[in-house]
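Report on the structure given below.
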Amino acid sequence: MGNAFIWQIIVIAMLGYLIGSVNLSIILSHLMGKGDIRNYGSGNAGTTNTLRTLGKLPALAVLIFDIFKGVIAIFLAKKLMLLGIGAIEDGKYMQLALEYATLVAGLFAILGHNFPIYYGFKGGKGIATSLGVIFIIEPRIGITCALFAIILILASRMVSLGSIFAAFLYPVLVFVHGGELGAQFTSELMFKVPYCIFSLILASLAIYRHRANIDRLLNGTENKLWKTKKEKAEEAAKQKETKETV
């Protein structure tokens, strides 16, 4: 692999970042007359805050869009790599080049979502985009992480808890099964080592972006997706008590 390959990787990184930087949550909030969604709720430009601020249908659209950002970035990265594949002298590196292109495009799409150039580098937390990337790389690991997150979310009613623990789970599965569950990937060490590093970076990014949620989880003040009848009654009683006091 020579200089041409390096330039291809740089272009793929830039493309992935620019695609990832497009944020439908912010776009929809403006179109719906709400202004910038980052001024509401948690201040996050992602699915959960869209659900609380704009409603179910916009949130579903944002979720699908964010997942497919990573998918599209990887698809285009592979196409670009194939266009210049002749620049790689040794044909045996062709598959390896495509695998590296996949990791780079996926990572930079997530970075674009988290730190978008179009919106002052303040975006979402990258969970949906990460999920799309993981599904493309190794579907079984993606499904496992998604199911694990969904179970925790339903049990706790907290999206952040499911997202954080799924982020912890991802590199563990990659270290144990990486390159074996995805038939498109080689088991060569030249891919496995970068792949393991990639999984650690994705997990670290997700956990870092949830640092405020982690503080609230530890303090017992994290927001929940819905409230039970008991919680609603207690909240109503507190509001009534506050009004009477005033």
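For residue 204 and residue 94, the difference between the fully extended length at 0.36 nm per residue and the C-alpha to C-alpha distance is 36.6 nm. Computed extension length for residue 117-residue 154: 9.9 nm, one decimal, from 0.36 nm per residue of separation with the Cα-Cα distance subtracted.
Considering only 70, 82, 126, and ranking their Cα positions along the charge dipole of the stretch 30-168 that arises from unit charges at the beta-carbon of Lys, Arg, Asp and Glu, the one farthest toward the positive end is 126.
Altogether, the Stokes-Einstein calculation at 10 °C and 1.306 mPa s, with the Kirkwood radius of the stretch 45-133 over Cα pairs as Rh, returns a diffusion coefficient of 112 µm²/s.
Protein heavy-atom surface of the stretch 1-104, 1.4 angstrom probe: 71% of the accessible area is carbon and sulfur, with nucleic acids and ligands not counted. Model label sites at residue 193 and residue 175, defined 7 Å from Cα along the beta-carbon direction, differ in position by 1.7 nm. Extension gain for residue 56-residue 83 works out to 5.7 nm (0.36 nm per residue, less the C-alpha to C-alpha distance). Surface calculation, 1.4 Å probe, protein heavy atoms: residue 226 sits at approximately 110 Å² accessible.
Under the simplified labelling scheme, the residue 218-residue 140 pair shows an inter-label distance of 3.7 nm, with each label point 7 Å from Cα along Cα→Cβ.
The values are calculated or read from the model by the stated rules, or taken from the named source; none is laboratory data. Note that the coordinates shown come from a computational prediction; the quantities given were computed from them, not determined experimentally. Every residue, glycine among them, receives a Cβ derived from its backbone with ideal geometry; neighbour counts consider all protein chains shown. Ligands, DNA and RNA are excluded from the accessible area calculation, which covers all protein heavy atoms including side chains. Shrake-Rupley method; radii C 1.70, N 1.55, O 1.52, S 1.80 Å.
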